[in-house]
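**Student:** Got a structure for you, written out below as structure tokens; questions coming shortly.
The values are calculated or read from the model by the stated rules, or taken from the named source; none is laboratory data. Fair warning: this is a prediction, and the values are worked out from it, not measured in the lab. Virtual Cβ from ideal backbone geometry, glycine too; neighbours counted across all protein chains shown.
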Amino acid sequence: MSNNLQSVRGMNDMLPQDGPIWGFFEETVRAWLRAYGYREIRTPILENTPLFKRAIGEVTDIVEKEMYTFIDELNGESLTLRPEGTASCVRAAIQHNLLYDGGKRLWYMGPMFRHERPQKGRYRQFHQVGVEALGFAGPDVDVEHILMAADLWKRLGVSPILEINTLGDAEARRRHRERLIKHFEANADVLDEDAKRRLHSNPLRILDTKNPAMQSLVEAAPKLIDDLDEESLAHFDVVQRRLDALGIAFRINTRLVRGLDYYNRTVFEWVTDKLGAQGTVCAGGRYDGLVEQLGGKAAPACGFAMGVERLLALLEAEGAAPALQAPDAYLVHAGEAATAWAWQVARSLREAGVNVVMHAGGGSFKSQMKKADASGARVALIVGDNEAAEQKLALKPLRDAAEQAVLNVAEATQILLK
């Protein structure tokens, strides 16, 4: 066994050079969610395993293959690292009776865990931003969520494409399920092992297959829209008309079924062709039965989530990533009296809103100036014993040909805040 300790496969470090793009994304997201009146909720990373089995569905890839589940040795309980955020959010709303006085608009951000084959855009620890509206019936929140996402893409400077579909109600899906089973049973020789396993437990998921040998069979399968009830069709029609009125382009994808069993009626995905196989950057829809399914009083609900790592990759692919952030000033100093004064200078500047890196580790003025230049700072602030004695500092521009000047702290602050 190697003595070199490494991170767990598929679970990545965020390094300092990645900080600016993560910070830009998170700040943008928080401002965006405030604009729509959504409030933050934070739930544990660990939940009891039955929560996800009941919410997501036992015959799904997530529950069958991808969850990190283990037995707590202290009490014998089965626990799971959360693979998604909706189930935890709904569980918290039920447990704390959040819907007692009406609907709630909630959001969360944090790590999720799925045991998948790591590749670019797909990791075993990944991060999501989730948006959930609990207690709101009708198509208005469906449209609001799609509009919100469209607004976020403008703020970030990216341009994924919207696909929508409707899954109807439970009875419509039951009728469709029966027709799908008959269709696939009549072509059993074409089915792969995964499809055969799902044929009677979750045939709708066969439509999501990536197996090229099954594509023509899937294309010929009965369409869910042909089995939909009138109320679901009317709901979907309102969604489409309002998106048209808002100028939000979309395409209907009748094979869009989502990988989680709790969805009904409107489902949507935002996709891109700029990230290879991992083309979905945001997805969601309506899940009106989940609150009751998890033990709460029946309440409609709708939500969506986006993969942070995929969106950051899209920012870079579309040239929308922010530039690396550099400090305003790098403060060099040498001598005991100079260092004592330099601490006071740095503190005063920071209190005024100037970003200052104070040199650490000693060295000559020449070596310190090299580090000042490498930092990307606009200016170097130079403090020696003479400057300390006069309670001043030298300001040397590093990015233009302006002259070095000796200033007091107030004068330097005024220049650096411009």
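**Student:** Tell me whether segment 248-257 contains one or more residues that are charged (D, E, K, R) and without any contact (Cβ under 8 Å) to a residue 40 or more places away in the chain.
**Tutor:** no
**Student:** Regarding Glu84, is this residue among the acidic types (Asp, Glu) and under 28 Å from Ala31 (Cβ atoms)? I'd like the intermediate steps shown before the answer.
**Tutor:** On the way: among the acidic types (Asp, Glu): yes; under 28 Å from Ala31 (Cβ atoms): yes.
Yes: the conditions hold for Glu84.
**Student:** Given Glu387, Glu351, which one is crowded, with 16+ Cβ neighbours inside 10 Å, farther than 13 Å from Tyr330 by Cβ and of a type outside the set (A, V, I, L, M)?
**Tutor:** The match here is Glu387.
**Student:** Kindly provide the set of residues from segment 196-212 that are at pLDDT below 85 and not polar (S, T, N, Q), ordered by number. Walk me through it before giving the result.
**Tutor:** So in segment 196-212, the residues at pLDDT below 85 come out as 197-210.
Scanning segment 196-212 gives Arg197, Arg198, Leu199, His200, Pro203, Leu204, Arg205, Ile206, Leu207, Asp208, Lys210.
**Student:** Residues that are in the same structural domain as Trp153 (by TED's automatic domain parsing), in contact with a Leu (Cβ under 8 Å, 6 or more places away or on another chain) and under 30 Å from Asp194 (Cβ atoms): find the helices (runs of 4 or more DSSP H) completely inside segment 1-119 holding 2 or more of those. Step through it out loud before you land on a result.
**Tutor:** Numbers: elements: 19-35, 49-56, 86-95.
Qualifying helices (runs of 4 or more DSSP H): 49-56, 86-95.
**Student:** Inside segment 164-183, can you point out the residues that are over 27 Å from Thr280 (Cα atoms) and hydrophobic (A, V, I, L, M, F, W, C)?
**Tutor:** Once the filter is applied, which keeps residues that are over 27 Å from Thr280 (Cα atoms) and hydrophobic (A, V, I, L, M, F, W, C), segment 164-183 yields only Ile181.
Here is a yes/no grid of residues against (1) of a type in the set (Phe, Trp, Tyr); (2) touching a residue at least 24 places away in the same chain (Cβ under 8 Å); (3) over 18 Å from Gly284 (Cβ atoms):
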residue	(1), (2), (3)
Gln215	no, no, yes
Val218	no, yes, yes
Leu228	no, yes, yes
Val267	no, yes, no
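**Student:** Are any residues in segment 1-17 of a type outside the set (A, V, I, L, M, F, W, C) and in contact (Cβ under 8 Å) with a residue 12 or more places away in the chain, and if so, which ones?
**Tutor:** Across segment 1-17, the qualifying residues are Arg9, Gly10, Asn12, Gln17.
**Student:** So Phe70 ticks every box in (1) touching a residue at least 60 places away in the same chain (Cβ under 8 Å); (2) over 20 Å from the mean Cα position of the chain (by Cα) but one. Which box is left unticked?
**Tutor:** (1)
**Student:** List the helices (runs of 4 or more DSSP H) inside segment 303-418, counting only whole elements, that have at least 1 residues being under 30 Å from Ala149 (Cβ atoms).
**Tutor:** Numbers: elements: 308-317, 336-351, 365-374, 385-390, 409-416.
Hits in segment 303-418: 308-317.
**Student:** Regarding Leu315, is this residue closer than 24 Å to Lys418 by Cβ and in contact (Cβ under 8 Å) with a residue 60 or more places away in the chain?
**Tutor:** The answer is no for Leu315.
**Student:** Here is a follow-up. In this structure, does Val238 turn out to be touching a Pro at 6+ places or on another chain (Cβ under 9 Å), under 24 Å from Arg54 (Cβ atoms) and at pLDDT 90 or above?
**Tutor:** Details: touching a Pro at 6+ places or on another chain (Cβ under 9 Å): yes; under 24 Å from Arg54 (Cβ atoms): no; at pLDDT 90 or above: yes.
Spelling it out, it is not the case that Val238 is touching a Pro at 6+ places or on another chain (Cβ under 9 Å), under 24 Å from Arg54 (Cβ atoms) and at pLDDT 90 or above.
**Student:** Between Thr69, Thr28, Thr60, which is modelled with pLDDT under 90, farther than 20 Å from Leu134 by Cβ and either of a type in the set (S, T, N, Q) or in contact with an Asp or Glu (Cβ under 6 Å, 6 or more places away or on another chain) (or both)?
**Tutor:** It is Thr60.
**Student:** Right, another one. State all residues of segment 390-410 that are within 19 Å of Ala326 (Cα to Cα), out of contact with any Leu (no Cβ under 7 Å at 6 or more places or on another chain) and either at pLDDT 90 or above or not assigned by TED's automatic domain parsing to the domain that holds Ala340 (or both); if no residue qualifies, say none.
**Tutor:** Of everything in segment 390-410, those that are within 19 Å of Ala326 (Cα to Cα), out of contact with any Leu (no Cβ under 7 Å at 6 or more places or on another chain) and either at pLDDT 90 or above or not assigned by TED's automatic domain parsing to the domain that holds Ala340 (or both) turn out to be Lys396, Pro397, Leu398.
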